Amino acid sequence: ETIRGQAMEELSSVHPDQSVKLSNLSRKKRAIHLQVARELNLWSSTQGSSLLVMREGPISQKLRQDVLELPLCSGIRLRAKKAGPGLVLLGRTLAEAENLRISKAIGPCPNATQELVLPKFSLAARSLVDVDEDDGYDVDIFNDRGSAPEVEEVLRSQLADLPLKAMYEFPAAVGQDFRDCAVRVCKEYGYDIIGVSGFQERVVVGNLKESVERLHAELAEGVQPGFVQFSNDISRLEKEVIRREARLKRYIVVEDEAGLRVSRMSEAPTTTKEEGPLKELCKLSAEVFAQYATGRAGVHIYMRRGDLAMMLRDVPPDRAEVLAKPLYEAFDDTLHLQIELTKASNGLSKQFFKVFLDKAMQQAGWYPSPEVLEALHKREEEGGDEDEYDAASDEADDVASDS
C-alpha cells in the first residue's frame with residue numbers, strides 16, 4: 001500500500017500534455033505504477049525497466065486526432081528532433097490501436113508526408129522531445145492500412161503524370177504490403193522504384209525513361225565517343241537504373257570520384273596497375289566469403305550487412321572510416337540486385353557475394369591487410385569450400401563481370 005500511495009501521489013501530479021519517464025523501477029513497483037496509471041486514464045507503456053507515462057492534454061489530443069485523420073497513403077513528419085517519452089507513447093498507442101506505421105525519419109521530408117512542427121516551449125513539446133539525449137531524430141507516421149485495391153487506387157492518383165526525371169518518395173515507415181502495391185502501380189506506369197523490400201527503407205519512385213533513352217542512344221553502335229558520363233550528384237535510383245540497363249546491354253560501368261561512366265564493350269577503360277592484386281583476391285572469393293559471412297538459414301550461409309564491420313576491421317585503421325560508406329553502398333546495391341533477380345533478401349548468397357566483392361574492391365577500394373590475405377591463401381591451400389563456390393550460377397558471374 002505504501003508503494004501504491006507513492007505511485008498515486010506521483011502520477012496524479014502529472015499535468016495535461018506532460019510526460020514522465022520513471023527509471024530503474026523494480027518489477028513490483030513498475031507493475032503497481034502501471035496499474036495506477038491506467039486507473040488515472042494516463043497513457044502508459046513499459047520501456048525496459050522504465051515506465052513511460054503521459055496525461056493527454058489539448059495539444060497531444062489534437063496531435064493524435066490529426067494523425068488518426070490521415071488520408072490513406074499519406075503521413076506526418078513530427079519535427080521533434082529528439083524522441084522523448086511522450087512521442088514514444090504516442091507512436092505505440094497509434095501503432096497498436098490504429099495499425100498506423102511509425103519510423104525514424106530518414107532524409108528530406110517525403111512527398112507523401114507533411115511536416116508538423118510542435119509548438120515551442122509547450123509541455124507537449126517538452127514531453128515529445130528528450131532534452132537529455134545528445135542524438136535525436138524526427139519521426140514519420142504513415143497511414144497504409146487500406147486494402148491492396150484501395151492503396152493502388154490512391155497510388156495511381158499520386159503518381160499519375162509524374163514528370164520526366166521527377167522523383168516521388170514515401171517514408172521508411174511503410175509496410176511490405178504497401179511496397180508490393182507500389183511495385184505493381186510502377187509497372188503499369190513504366191516507372192522505376194527502389195525500397196521494394198526491406199524494413200525501414202524509403203520507397204522512391206522515379207520517371208527515368210528519358211535517362212534510359214539517352215543512355216542507349218549515346219551508346220548505339222557508331223555513335224561517338226562511345227561512352228556516357230554521369231555526375232556524382234545523380235540519385236541512388238538513377239544509379240540503379242543505369243546499372244540495370246548496363247547489365248542488360250552488357251555495357252561497362254566504372255564508378256570513381258567523377259561519377260558513373262558507362263561505355264560500350266569496345267570502349268572499355270584500360271587496365272589499371274591494381275588489376276594484379278584485384279585478380280588475386282577475386283580468385284580467393286570463396287575464402288573471403290567463408291571468412292566473413294555469418295548468416296545462417298538451415299544449411300545455407302549468407303553474408304549479413306552487419307558482417308561488413310569485420311571486413312572494415314581487417315583494413316588499416318586510417319582507411320576504415322573512409323571505406324565504410326562506399327562499402328555499405330556496394331553491399332546495398334548488390335542486395336537490391338539479388339532481390340530483383342531472386343527475391344532473396346536475408347543477405348548475400350555466395351553467388352552474389354562475388355558481385356559484391358568486385359564492387360567492394362573496384363568502387364569502394366576495400367583490400368585486406370597482408371596478414372588477412374596470408375590467412376586467406378592458407379585457407380585456400382587447405383581446401384575450404386572452393387568447389388561449391390565455383391559452381392555459382394552463370395547469372396551471378398555475368399553480373400560480376402558487367403559491374
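The values are calculated or read from the model by the stated rules, or taken from the named source; none is laboratory data. Keep in mind it's a predicted model, so treat the numbers as computed, not measured. Glycine gets a Cβ as well: all are built from the backbone with ideal geometry, and neighbour counts include every protein chain shown. The accessibility values were calculated without ligands, DNA or RNA, using every heavy atom of the protein model including side chains. Shrake-Rupley method; radii C 1.70, N 1.55, O 1.52, S 1.80 Å.
Residue-by-condition table, conditions (1) closer than 24 Å to Lys325 by Cα; (2) modelled with pLDDT of 85 or more; (3) of a type in the set (A, V, I, L, M, F, W, C):
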| residue | (1), (2), (3) |
| --- | --- |
| Ser197 | yes, no, no |
| Glu201 | yes, no, no |
| Arg214 | no, no, no |
| Gln224 | no, no, no |
| Leu237 | yes, yes, yes |
| Tyr251 | no, no, no |
Legend entry - Residues satisfying the stated conditions in the range 4-59, i.e. acidic (Asp, Glu), in contact with a Lys or Arg (Cβ under 9 Å, 6 or more places away or on another chain) and modelled with pLDDT of 80 or more: Glu56
Inset, instruction - Mind listing whichever residues of the range 6-58 are open to solvent by 60 Å² or more (accessible area, probe 1.4 Å) and either on the phi > 0 side of the Ramachandran plot or in contact with an Asp or Glu (Cβ under 6 Å, 6 or more places away or on another chain) (or both)? - result: Asn24, Asn41, Gly48
Legend entry - Residue tally, condition surrounded by fewer than 20 Cβ atoms within 10 Å (Cβ to Cβ) and assigned to a loop (DSSP other than H, G, I, E, B), over the range 154-213: 15
Inset, instruction - Scan the range 353-364 and give yes if some residue there is buried (at least 18 other Cβ atoms within 10 Å of the Cβ), under 27 Å from Gly195 (Cβ atoms), without any contact (Cβ under 8 Å) to a residue 24 or more places away in the chain and not polar (S, T, N, Q), otherwise no. - result: no
Inset, instruction - Kindly indicate the residue of the range 100-120 that is modelled with pLDDT of 80 or more and within 19 Å of Ser60 (Cα to Cα) and also most open to solvent (accessible area, probe 1.4 Å) among those meeting that condition. - result: Gln114
Inset, instruction - For the range 334-354, state whether one or more residues are out of contact with any Pro (no Cβ under 6 Å at 6 or more places or on another chain), modelled with pLDDT of 75 or more, among the hydroxyl-bearing types (Ser, Thr, Tyr) and within 25 Å of Gly259 (Cα to Cα). - result: yes
Legend entry - Qualifying positions in the range 228-250 - over 16 Å from Asp333 (Cβ atoms) and part of a loop (DSSP other than H, G, I, E, B): Ser231, Asp233, Arg250
